[in-house]
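Asker: Got a structure for you, questions after.
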Ligand SMILES: [Cu+2]
C-alpha cells in the first residue's frame, strides 16, 4: 500500500509540472507582445471631436494587438494631431501609451494616407 502511494506521488510529481510550466510561458509571450510600446494601424476617420480630443476610426485589423477590424473611439495625445483631419479621410496611425502601465492605447501619430 505504502509503495503504491509512493509511485503515485512520483507520477504526479513527474507529470503535473509539465502543463503548469507550459502555461505561464504562453502567458508571458502573449504579455510581451501586448507590451510592445507602439502599434501601427490604418483606417478611415468616422468623426472628430476636437473639444474632447477624441477621434472615431473604422480601423483595419491590427495584428500586433490581435485586434480585428472595428469601429473605435480613440483619445489623441495632443490637440494638434487632429489638425486637418475630417470625416472620410483615410489615415495611417500609431498607438502608444501615455504611461507604460496604462491599459488604454491612444493615438500618438496620425497622418492622412496618400494614395
Ligand atoms: Cu479597435
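Just so you know, all these numbers are worked out from the coordinates, no wet-lab data involved. Nothing here was measured: the structure is a model prediction, and the numbers come from that model. Neighbour counts are summed over all protein chains in view; Cβ atoms, including those assigned to glycine, are modelled from backbone coordinates with ideal geometry.
Asker: Could you sort 80-88, 40-48 so that the peptide with the highest average Cβ count within 10 Å comes first and the rest follow in order?
Answerer: Output ranking for 80-88, 40-48: 40-48, 80-88.
Asker: Another question about this same structure. Using a basic spin-label model with each label point 7 Å from the Cα along Cα→Cβ, how many nm lie between residue 92 and residue 80?
Answerer: About 2.1 nm, to one decimal.
Asker: How many nm is it between the label spots at residue 44 and residue 104, if each spot is 7 Å from the Cα in line with the beta carbon?
Answerer: Each label point is offset 7 Å from its Cα along the Cβ direction, giving 2.6 nm.
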